Amino acid sequence: MTGERFPLVRAVFEYENTNMPQNIYDNPEFFAGYDRLRETGSGMNEVLEQPAFRSLLPDVTGLRVLDMGCGAGEMCRLLADQGAATVTGMDVSENMLEKALEQHQDRVTYIHTSAEEAAFDVGSFDLVVSSLMLHYVEDISLLLKKIHTWLACGGKYIFSMEHPVATATQGLVETRWDRGENGEPIAWRLAHYSEEGERSTRWFIDGVVKYHRTVATVVNGLIGSGFRISQMLEPHAIEEAERERPELIDERMRPAFLFIAAEAVK
Ligand SMILES: C[S@@+](CC[C@H](N)C(=O)[O-])C[C@H]1O[C@@H](n2cnc3c(N)ncnc32)[C@H](O)[C@@H]1O
């Protein structure tokens, strides 16, 4: 197993001059914006993404779990609470891991490494999860093959990512919603869908790099890596949240996130 166990000496990420993946969550301005979003619960995580993700989780009792892009460790703590034997949280961002470490949980270990650089022994895990991390990875077909080897036979990979209908236009078009007379969204614009690759966009700061790929590329990447897809979700916000924040009903016009649960066939 590689990757440095946290805490560690603060590394300097000079990804502009290296092949290291982007580590935008360690940019202070970005991190402050993201942290505020999560602390206030004003984003889509608590009302849409997390409920859908949890609905896909199996009984984790006794499982060895890897959470890739674990962020502040909410999912790691949940899985340990639910009886996982071990939970390994892994993230490229020291800021996020520092937040994770603020709340100790038995059976949870954090590793500071990127998904691209991570390496584990064959069959190390029964369940791999990644919540909203995959759209930051340039070569998912290589990563999916690695995840397949890290899973035991019948092990599951469950993930969410920004939906391709959302990433397609990021950074490429100025207006993403068609709006009615009162400024209300009436349709989502879709363009550049087949043009896979880097999208440099503004989210708290300019120059946040994500990778767009089609749904077919994601699904075929899984199949080609030896996975059998068991469930997909393109959810809208939970209804209780829609009642409290009516603007969330607009999210029904297009899927913001794509979820897939897949099983490693060996
Ligand atoms: C949107 S946050 C989600 C955090 C957490 N999974 C959650 O749902 O609360 C994305 C996380 O992925 C991490 N990340 C982005 N690119 C990564 C990479 N290439 N390898 C590992 N982690 C990465 C970020 O540092 C960040 O913590």
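Computed from the coordinates by the stated procedures, all read-outs in this text should not be read as laboratory data. Because the structure is a prediction, the values reported are computed rather than measured. Note that each Cβ is placed from the backbone with ideal geometry, even for glycine, and that neighbours are counted across all protein chains shown.
Matching residues to (1) in contact (Cβ under 8 Å) with a residue 40 or more places away in the chain; (2) buried (at least 22 other Cβ atoms within 10 Å of the Cβ):
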{"site": "Ser124", "(1), (2)": "yes, no"}
{"site": "Val129", "(1), (2)": "yes, yes"}
{"site": "Asp139", "(1), (2)": "no, no"}
{"site": "Leu143", "(1), (2)": "no, no"}
{"site": "Phe159", "(1), (2)": "yes, yes"}
{"site": "Ala166", "(1), (2)": "yes, no"}
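A count restricted to segment 81-97 and to residues that are more than 15 Å from Asp35 (Cβ to Cβ) and within 15 Å of the ligand (Cβ to nearest atom) stands at 5. Taken over segment 59-75, residues that are within 17 Å of the chain's Cα centre (by Cα) and more than 9 Å from the ligand (Cβ to nearest atom) amount to 2.
Among the residues of segment 98-139, those identified as polar (S, T, N, Q) and either within 11 Å of the ligand (Cβ to nearest atom) or in contact with a strand residue (DSSP E or B) (Cβ under 9 Å, 6 or more places away or on another chain) (or both) are Gln105, Thr109, Thr113, Ser114, Ser124, Ser130, Ser131. Evaluate the following for Asp35: is it out of contact with any Phe, Trp or Tyr (no Cβ under 9 Å at 6 or more places or on another chain), surrounded by fewer than 22 Cβ atoms within 10 Å (Cβ to Cβ) and free of Cβ contacts under 8 Å to residues at least 40 places away in the same chain? In short, no.
Condition check ((1) surrounded by 16 or more Cβ atoms within 10 Å (Cβ to Cβ); (2) charged (D, E, K, R); (3) touching a Gly at 6+ places or on another chain (Cβ under 8 Å)) across all residues:
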{"position": "Glu198", "(1), (2), (3)": "no, yes, no"}
{"position": "Tyr211", "(1), (2), (3)": "yes, no, yes"}
{"position": "Val218", "(1), (2), (3)": "yes, no, no"}
{"position": "Ser230", "(1), (2), (3)": "no, no, no"}
{"position": "Leu233", "(1), (2), (3)": "no, no, no"}
